[in-house]
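Q: Here's a structure for you.
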Amino acid sequence: MPGIVPEPPATLHNAALSGAQKTNARPTPRSPRATPAQEGVKVQKHCDFYFDDGNVIIRVENTQYKLHRSLLERHSPVFRELFTVPQPHDSSEGVSEDNPIVLFGIQATNFTRLLRLLYPPVLADCPIATVDEWMSIFEQADRWQMDYLRECALARLRSSYVRPVHKLLFWTRYNLPLNELIPTYMEIISRSQPLSLEEAEELGLPMSVKIAQARDLVHKEGACQFCKGGFSVKGDRALGSIIERVFGLPLPDPSSTPA
């Protein structure tokens, strides 16, 4: 029978571990934490986000940041909770370059993208452009419970073309409204090519089987004829009927849509 693991001391990175138990989205700190020298890691200060007047030092992977605690607290209840954990009187965690707050389970590239929105060079100048970057921003905003940035990223994704398989995976992972996937399902089950091996591996067996079943119904019921010239009201209804039967997502009632 395994022994009881003693509770670690209250430090900032252990506080993050406590928060991580509440949601799978949080980063996973490591305890006890080795210094970069002990790990044999060469740590570099970020060229844009290491501020002389910053008051909290954070390391993600091999990148070190010196940021403004008040800014992180203002936008993220996760950081706000992290910084309120009482520390020993002689603790230098987050203050000393040799003892930064280390965030695990995230990539420095993604964390930097988030900072580019928190520290925009010009307020109207948004440095995020691609769908992959907005997905990264959404993931970081969701992780740190930055609701405003999360909604901004989601609005950009909703107005952009996201590759169908990636959209299915992303919307499902973050419990986004499934009815928003109806056009995506229509595109997948009516396209000329079946799922590729790579797409099937990404979606997993249950979803891949459902898509194959839906595509088979499209051909058996002749619904594919409506897709040759683009979608139409009649085509939407034919495909929508199949999507409702296979995926349980009914088409919205046109009479209930506001004019």
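Q: Report, by residue number, each residue of segment 54-102 that is among the small types (Gly, Ala, Ser), within 21 Å of the chain's Cα centre (by Cα) and on the phi > 0 side of the Ramachandran plot. Let's see the steps before the verdict.
A: Taking segment 54-102 and keeping what is among the small types (Gly, Ala, Ser), we get 54, 70, 76, 91-92, 94, 96.
So of that shortlist, the ones also within 21 Å of the chain's Cα centre (by Cα) come out as 76.
Hits for segment 54-102: nothing passes.
Q: Can I ask one more? Filter segment 108-142 down to the residues that are closer than 17 Å to residue 47 by Cβ and outside any helix (DSSP H, G or I), then identify the one that is modelled with the highest pLDDT.
A: The residue in question is 119.
Q: So the check is Cβ under 6 Å with 6+ separation or different chains; which pairs have a first residue in segment 125-148 that's in contact (Cβ under 8 Å) with a residue 40 or more places away in the chain and farther than 14 Å from residue 111 by Cβ and a second one that's crowded, with 18+ Cβ neighbours inside 10 Å and of a type in the set (A, V, I, L, M, F, W, C)?
A: 145/78
Q: Looking only at residues in segment 232-259 that are loosely packed, with under 15 Cβ neighbours inside 10 Å and in a loop (DSSP other than H, G, I, E, B), which one is modelled with the highest pLDDT?
A: Per the stated criteria, the residue is 248.
Q: Then there's this: Cβ contacts < 9 Å: first residue more than 13 Å from residue 168 (Cβ to Cβ) and without any contact (Cβ under 8 Å) to a residue 60 or more places away in the chain, restricted to segment 201-213; second residue among the small types (Gly, Ala, Ser) and assigned to a helix (DSSP H, G or I), any location; separation 6+ or different chain. Result?
A: Taking only residues 6 or more apart or on different chains, the pairs are 201/208; 212/200.
Q: Restricting to segment 71-112, name every residue that is farther than 30 Å from residue 132 by Cβ and loosely packed, with under 13 Cβ neighbours inside 10 Å.
A: 84, 86, 88, 89, 90, 96, 98
Q: Going by the structure shown, is residue 127 touching a Lys or Arg at 6+ places or on another chain (Cβ under 7 Å) and exposed (fewer than 13 other Cβ atoms within 10 Å of the Cβ)?
A: yes
Q: Based on what the data block shows, is residue 153 under 18 Å from residue 68 (Cα atoms) and within 12 Å of the chain's Cα centre (by Cα)? Write out each step before concluding.
A: Working: under 18 Å from residue 68 (Cα atoms): no; within 12 Å of the chain's Cα centre (by Cα): yes.
No: the conditions fail for residue 153.
Q: A further question on this structure: Taking segment 180-213, which residues are assigned to a helix (DSSP H, G or I), over 28 Å from the mean Cα position of the chain (by Cα) and modelled with pLDDT under 95?
A: 190
The values are calculated or read from the model by the stated rules, or taken from the named source; none is laboratory data. All figures in this text were calculated on a predicted structure; none of them were measured in a lab. Here Cβ is always computed from backbone atoms with ideal geometry, including for glycine, and neighbour counts include all displayed protein chains.
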